[in-house]
Amino acid sequence: MVGDARRRVSGPGGGGRRGRVPGSRPAYTLRRAAAPHPGPVPAAERVVPWLRVGAAYAWRLILIGIVVYGVFSVLGSFQLIAVALFLALVVTTVLRPLTDLLDSVLPRPLSVAVALVGSLLFLLALLALVGNAVAGESARLAGEFRGGVHRIEEWLQRPPFRLSPSRLTELENQVTHYLSAHRASLLSRAVSGLSRVVEVVTGVALALFSSVFFIHSGERLWGWIRDNLLPSGARPAWDRAGRAAWRAFAGYTRGIIIVAATNAVLVGIALLVLRVPLALPLTLLEFFAAFVPLVGSPVALGVATVVALAGRGPITALAVLALIVVIGQLEGHVLHPLVMSWAVRLHPLVVAVSVIAGSIIAGVIGAVVAVPLVSVVWAVLRALRAVPP
């Protein structure tokens, strides 16, 4: 009976303690814990899942909007500095290839000086040419505009307007009375405009001063910012993002310059063929107005239409108006897709919304800066999202 008891204690293997290694522990079977039973799904998630997804996207979009508004508000507080640095970056994108080309035969500082001084002399010569053309034709232009105003009055007296001469005289008297009554306010606005001129001169000087360093040693400036202001773990990603942002900005700037120059050449040729007064100043206006996408070129051509109406009559004005449609279609469907596709790809709706939003927040400056800013942000997001090789 004692032996039976020992056999029962040792188990069916019969080894008892003899089958165990001294100092070892008995083996235990590990069992996976059962997963907790999920609780009841809320009714909102079961009934309207699209509302939950929409809310998730909505608060993220609201957060992005707040950040964008904050950035524009900060830039608005330092508007002069922000615009000066933006102009410096534009100058750098234009003159950097020329400086690199001169760098092969000249020292780097001398290459920067030649590129900047040469560009300034070219711009001043162009402005002097425009001023000389306006001054040389001032007497003839005054006579043409007086005759054009008379033709406009006769045109308004005919159908469909049928304005009587007394009504036109009344409108002229109202304009004259407004100018005489608001002479003081107009004078104060002119004086405040002089202060704006001082700000513009200061901004241009700061832009030129900054562009010297950007052209000469932009990579070293970016390397200093990357190595001193960013943590070591984030440097490779942000270096890739910074280079992508610069490529997007430079590509957009050079592309829009090509588009503006093409528009200006086409408009100048058409205005010279139609013998519209002030053709050269209007061509220059078209060049600078094209920097505001979708809006600037039609506005400049609208000014050209008014000048053509006053100087050459309604037939020429209608021809210039048709020119607006043709150049608008050429710019929207040929120039932008061909020239801008290698820089950044933005949907026309994104461009339109960006221009309108920028103009609401910061006026003309916001309309000019909005599209390149959106292009840079999109390039940075793509660079940060991409997996490094």
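Numbers below:
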| item | result |
| --- | --- |
| Tally, over region 200-224, of residues that are over 21 Å from VAL117 (Cβ atoms) and open to solvent by less than 20 Å² (accessible area, probe 1.4 Å) | 1 |
| Residue match in region 291-302 (condition: assigned to a loop (DSSP other than H, G, I, E, B) and aromatic (Phe, Trp, Tyr)) | yes |
| Odd one out for VAL276 among (1) part of a helix (DSSP H, G or I); (2) at pLDDT 70 or above; (3) over 22 Å from the mean Cα position of the chain (by Cα) | (1) |
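Let's see how each residue does on (1) under 21 Å from ASP100 (Cβ atoms); (2) open to solvent by 20 Å² or more (accessible area, probe 1.4 Å):
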| site | (1), (2) |
| --- | --- |
| ARG235 | no, yes |
| GLY251 | yes, no |
| GLU286 | no, no |
| PRO298 | no, yes |
| ALA304 | no, no |
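The values are calculated or read from the model by the stated rules, or taken from the named source; none is laboratory data. Every value quoted in this text rests on a predicted model; they were computed, and no experiment measured them. In this analysis, Cβ positions are derived from the backbone assuming ideal geometry, glycine residues included, and neighbour counts consider all displayed protein chains. Ligands, DNA and RNA are excluded from the accessible area calculation, which covers all protein heavy atoms including side chains. Shrake-Rupley method; radii C 1.70, N 1.55, O 1.52, S 1.80 Å.
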